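The values are calculated or read from the model by the stated rules, or taken from the named source; none is laboratory data. It should be emphasised that the depicted structure is a prediction, and the values quoted were computed from it without experimental measurement. So basically every Cβ, Gly included, is an ideal-geometry build from the backbone, and we count neighbours across all protein chains shown. Keep in mind that these areas ignore ligands, DNA and RNA; they rest on the heavy atoms of the full protein, side chains included. Shrake-Rupley method; radii C 1.70, N 1.55, O 1.52, S 1.80 Å.
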Amino acid sequence: LVTEGAGRWVLQRLNRQVFTDPLAVMANFRTVTEHARQSRRDCPESSWRLPEIIPTQSGDDVHQDEQGEYWRAITYIDQTHGLTAIASPDQAVQIGRALGWFHELVSGLPVTDFHDTLPGFHVTPRYLAEFDAVLAERPGGPAAPGLDEALAVVASRRVAADVLETARAQGRLKPQVIHGDPKLDNVLFDIRSGQAISLIDLDTVKPGLLHYDVGDCCRSACNPGGEGANPSAVRFDLELFGGFLQGYRQEGAPLVAGLDRDYLFEAVRLLPFELGLRFLTDHLAGDVYFKVGQSGQNLTRALTQFRLMNSIEAQARDIHRLLSHHFS
């Protein structure tokens, strides 16, 4: 955060280890934010807003330094705060509104206008193949507590890992513009009204399935304990889920009819499995991707996601009922 006189803005270095084509990331960023700016001109009373690019002195969206690193400046959305866990169904409604608003905002943009800046992102069969390769190279020895449980979860659920990608390949689900990472702490709330007013962290905007966004957002928002919760205390909260669906429908109503309900349930169930699989793979690989504060943390994270998936499966009938009620 840079303070300059009365103004504040954000200076960021793009992570080239994650995003190998920073210019493509910025092109997607520009397309979305310019569209949002135009939408605000058409609807000036709207409180929704996205961060905007502050050009360099030469008019570029990004600056490359002598070491080849890419830097950008974006506007800072003031008088807002984020959440690490939801405290009430009303907040879940706001999370749903944020994702519904974003999906409605980008629904008119051609998916062909966007670069795939993270090939394979949210493609669960790809993560499963990476897991298999890492597991095959794992040395023998005593298993960490909880590892056998985690491995058993993967073994029992792997057959359903391709459900969304198969639907895409069959033309049942079609790629659209998605946020890519609509987790709880990427939603900004107005500190005065308590309403959600922004969905930030636009580096992951790309072509994909809306179902991935819905599943990932519910994975993050409907677990009252948050991602750092003890696995034994994790649960999927139906009241929060109902609030999310209510909010999503408020802002994304034109999209609801086109979202296949059966695949929405599969997405809600699949995304915790996918993230748990990624955490488990990183644990087996020696914690090379996700930052950890102590040994075994990625395994605990994996178990948290797998227990969340178990909770979702145990409440499948109620989840289908809520989907039918809000997405009829």
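Residue pairs whose Cβ atoms lie under 6 Å apart, separated by 6 or more positions or on different chains, with the first residue in region 314-328 and free of Cβ contacts under 8 Å to residues at least 24 places away in the same chain and within 16 Å of Cys218 (Cα to Cα) and the second open to solvent by 60 Å² or more (accessible area, probe 1.4 Å) and assigned to a helix (DSSP H, G or I), do not occur. Restricting attention to region 169-198, the residues that are within 21 Å of the chain's Cα centre (by Cα) and of a type in the set (Lys, Arg) total 2. Residue check: His115 meets all listed conditions (1) open to solvent by less than 70 Å² (accessible area, probe 1.4 Å); (2) in contact with a helix residue (DSSP H, G or I) (Cβ under 7 Å, 6 or more places away or on another chain); (3) touching a residue at least 24 places away in the same chain (Cβ under 8 Å) but one, namely (1). If you go through region 156-168 and keep only what is open to solvent by 70 Å² or more (accessible area, probe 1.4 Å) and more than 22 Å from the chain's Cα centre (by Cα), you end up with just Val159. Scanning region 39-56 for residues being among the small types (Gly, Ala, Ser) and either touching a residue at least 12 places away in the same chain (Cβ under 8 Å) or exposed (fewer than 10 other Cβ atoms within 10 Å of the Cβ) (or both) gives a total of 2. Here Ile95 does not qualify as over 26 Å from Thr20 (Cβ atoms), of a type in the set (A, V, I, L, M, F, W, C) and assigned to a loop (DSSP other than H, G, I, E, B). Selection over region 262-312 of residues that are among the aromatic types (Phe, Trp, Tyr) and open to solvent by less than 10 Å² (accessible area, probe 1.4 Å) gives a count of 2. Flag: Gln94 matches the condition of being crowded, with 16+ Cβ neighbours inside 10 Å and either within 13 Å of Phe244 (Cα to Cα) or not hydroxyl-bearing (Ser, Thr, Tyr) (or both). Among residues of region 57-79 that are farther than 17 Å from Ala36 by Cβ and of a type in the set (Phe, Trp, Tyr), those with a beta-carbon under 6 Å from a residue that is assigned to a strand (DSSP E or B) and open to solvent by 80 Å² or more (accessible area, probe 1.4 Å) at least six positions away or on a different chain give the pairs Tyr70/Gln64; Trp71/Arg13; Trp71/His63. Answer with yes or no whether Arg249 is assigned to a helix (DSSP H, G or I) and either within 16 Å of Ala150 (Cα to Cα) or open to solvent by 50 Å² or more (accessible area, probe 1.4 Å) (or both). In short, yes. Which condition does Ala36 not pass, out of (1) open to solvent by 50 Å² or more (accessible area, probe 1.4 Å); (2) closer than 15 Å to Leu202 by Cα; (3) in contact with a Leu (Cβ under 9 Å, 6 or more places away or on another chain); (4) not hydroxyl-bearing (Ser, Thr, Tyr), if it passes all the others? Only one criterion is unmet by Ala36, namely (1).
When region 118-150 is limited to residues that are open to solvent by less than 70 Å² (accessible area, probe 1.4 Å) and without any contact (Cβ under 8 Å) to a residue 40 or more places away in the chain, the one that is nearest to Thr31 (Cα to Cα) turns out to be Gly120.
Does region 168-184 contain at least one residue that is in contact (Cβ under 8 Å) with a residue 40 or more places away in the chain and of a type in the set (Asp, Glu)? So far as region 168-184 goes, no, none of its residues is in contact (Cβ under 8 Å) with a residue 40 or more places away in the chain and of a type in the set (Asp, Glu). The residue that is modelled with the highest pLDDT, among those in region 63-91 that are farther than 30 Å from Gly226 by Cβ and open to solvent by less than 20 Å² (accessible area, probe 1.4 Å), is Ala73. Just one of the listed residues (Lys206, Lys174, Lys183) is in contact with a helix residue (DSSP H, G or I) (Cβ under 8 Å, 6 or more places away or on another chain), basic (Lys, Arg) and under 20 Å from Gly242 (Cα atoms), namely Lys183.
Scan region 48-65 and give yes if some residue there is out of contact with any Phe, Trp or Tyr (no Cβ under 9 Å at 6 or more places or on another chain), assigned to a helix (DSSP H, G or I), charged (D, E, K, R) and under 18 Å from His103 (Cα atoms), otherwise no. Taking every residue of region 48-65 in turn, none turns out to be out of contact with any Phe, Trp or Tyr (no Cβ under 9 Å at 6 or more places or on another chain), assigned to a helix (DSSP H, G or I), charged (D, E, K, R) and under 18 Å from His103 (Cα atoms). The sole residue among Arg278, Arg317, Arg269, Arg321 that is under 30 Å from Gly140 (Cα atoms) and among the charged types (D, E, K, R) is Arg278.
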